[in-house]
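Input: a single structure, listed below in structure tokens.
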Amino acid sequence: MADLDSEAIARIDSSGQLALILELPTHLRDALWRVESAGLRPIDAPGGLVVAGMGSSGIGGVLARAALGDRASRSIGWARDYGLPSWATEQALVLCASYSGETEETLAAYEAAGAVGAPRIVVASGGRLAAQAREDGVPIIPVPGGMTASRAVGYLFVAALEVAALCGAGDSLRAEIDVAAALADELMAEWGPYGENDSLAKSLARDLHGTAPVIAGAGLTVPVAYRWKSEINIAAKVPSFANELPEMDHNEVVGWDGALERGSFSFVALDDRDLHPRVRARMGLTLKLISEQSSGSHRLQTRGETRTARVISMVALGDLVAMYLAVLRGVDPAAAPAIDRLKRELASA
């Protein structure tokens, strides 16, 4: 059984990414204080909320939408481009989320929101985005520096939830955030480096090691599946893919017939107790079909009573699994050489 204790991790994790993952409960609590200290005022936005952000900086808004579920009373959209969707008018509130404050697509979306007269709020650790917001008098939710955007997920998630409540797009979930943080404390102890060597997170990482994991979500777990895929890409530096049920039963499930001819693919389905009964039935049948052509198939259940806690439970598990996969591969989980090269070449393009 491959060793995944704290010493094995320390040999790979020179920048302390695991410590930041384990601090997720603290980040959730601290984020509530940071939003409150920002002195934000309610903004009536009948056009809903648009979260403009890329990658790990933008995922907080999508996770927030999942946590709200049918309690969302106005639209909540995700803008991942050099601009805003056509429906984003002056009646929508735009939350510009960039951990570094240097994401060029988000900077462009910030300008686009200003051009259409939409109210804006910025969440960032600094950079040009925060500087421009200060110059324009746009409110800023500050997040602490010294980490990667991936590790700031708790801050970005809470910021999006609080802004959604601020603009009338959803209920305030502050009490649920506190409960989710308490659950995350328990899960980090259970699944973290000091937990059992055969814990769910460590065992799953060993099973996924050497494969290209395909993560499927349904309902609440659809954006969580995307988070898993992204974290495995970034930390373990291997191909990973995400899809959702029931959509994948109308296309991707057929493609698994040739999976063993093309490589080693594993399948992970993220279940949740509130799934439509037919979707739950589909998940079981899909697992059965895919297991015959995969290098391993797994069905995981969210933990917690509230939607917010269940989202956080799966984020915590996925982040730890991605970290353990990086250790098993012997790669630095914080390094992103492909992204760094892309940014350098874009700067001269």
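The values are calculated or read from the model by the stated rules, or taken from the named source; none is laboratory data. The shown structure was predicted, so the numbers you read here are calculated from the model rather than taken from an experiment. Reconstructed Cβ throughout: ideal geometry from the backbone, glycine too, with neighbour counts over all protein chains shown.
Of the residues making up region 220-267, just one is in a strand (DSSP E or B), crowded, with 22+ Cβ neighbours inside 10 Å and touching a Lys or Arg at 6+ places or on another chain (Cβ under 8 Å), namely 242. Restricting 126, 60 to those that are in contact (Cβ under 8 Å) with a residue 40 or more places away in the chain and closer than 19 Å to residue 152 by Cα reduces the list to 60. Assess whether residue 179 counts as being buried (at least 24 other Cβ atoms within 10 Å of the Cβ), of a type outside the set (Ser, Thr, Tyr) and in a helix (DSSP H, G or I). For residue 179, the condition - buried (at least 24 other Cβ atoms within 10 Å of the Cβ), of a type outside the set (Ser, Thr, Tyr) and in a helix (DSSP H, G or I) - is not met.
Note on region 304-349: among residues that are basic (Lys, Arg) and over 20 Å from residue 190 (Cα atoms), the one that is surrounded by the most Cβ atoms within 10 Å (Cβ to Cβ) is 307.
Quick grid of which residues meet (1) assigned to a helix (DSSP H, G or I); (2) over 19 Å from the mean Cα position of the chain (by Cα); (3) more than 23 Å from residue 189 (Cβ to Cβ):
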site	(1), (2), (3)
8	yes, yes, no
14	no, yes, yes
32	yes, no, no
39	no, yes, yes
44	no, yes, yes
50	no, no, yes
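Considering only residues of region 210-257 that are among the hydroxyl-bearing types (Ser, Thr, Tyr) and touching a strand residue (DSSP E or B) at 6+ places or on another chain (Cβ under 7 Å), which is nearest to residue 56 (Cα to Cα)?
The residue in question is 226.
Entry remark, region 87-104: residues being surrounded by fewer than 19 Cβ atoms within 10 Å (Cβ to Cβ) and either hydrophobic (A, V, I, L, M, F, W, C) or closer than 16 Å to residue 56 by Cα (or both) number 4 in total. Within region 289-299, the residues that satisfy the criterion of being in contact with a helix residue (DSSP H, G or I) (Cβ under 7 Å, 6 or more places away or on another chain) and either buried (at least 21 other Cβ atoms within 10 Å of the Cβ) or at negative phi (or both) are 289, 290, 293, 294, 297, 298, 299.
Can you tell me which residues in region 144-178 are touching a residue at least 12 places away in the same chain (Cβ under 8 Å), touching a helix residue (DSSP H, G or I) at 6+ places or on another chain (Cβ under 7 Å) and of a type in the set (Gly, Ala, Ser)? The answer is 149, 150, 154, 159, 160, 164, 170. One residue stands out among those in region 1-42 that are closer than 28 Å to residue 95 by Cβ and β-branched (Val, Ile, Thr): the one that is surrounded by the most Cβ atoms within 10 Å (Cβ to Cβ), which is 21. Can we say residue 181 is touching a residue at least 60 places away in the same chain (Cβ under 8 Å) and more than 14 Å from residue 307 (Cβ to Cβ)? Here the answer is yes, as residue 181 does meet what is asked. Is region 68-86 home to any residue that is buried (at least 18 other Cβ atoms within 10 Å of the Cβ), of a type in the set (A, V, I, L, M) and assigned to a helix (DSSP H, G or I)? Checked against the condition, which is being buried (at least 18 other Cβ atoms within 10 Å of the Cβ), of a type in the set (A, V, I, L, M) and assigned to a helix (DSSP H, G or I), region 68-86 yields at least one hit. For residue 297, the stated conditions hold: it is modelled with pLDDT of 95 or more, closer than 26 Å to residue 192 by Cβ, in contact with a strand residue (DSSP E or B) (Cβ under 9 Å, 6 or more places away or on another chain) and not acidic (Asp, Glu). Can we say residue 185 is of a type in the set (Asp, Glu), surrounded by fewer than 21 Cβ atoms within 10 Å (Cβ to Cβ) and outside the structural domain of residue 44 (by TED's automatic domain parsing)? Yes, satisfied.
Does residue 118 meet the test of being surrounded by fewer than 24 Cβ atoms within 10 Å (Cβ to Cβ) and either at pLDDT 95 or above or within 30 Å of residue 335 (Cα to Cα) (or both)? Yes, satisfied.
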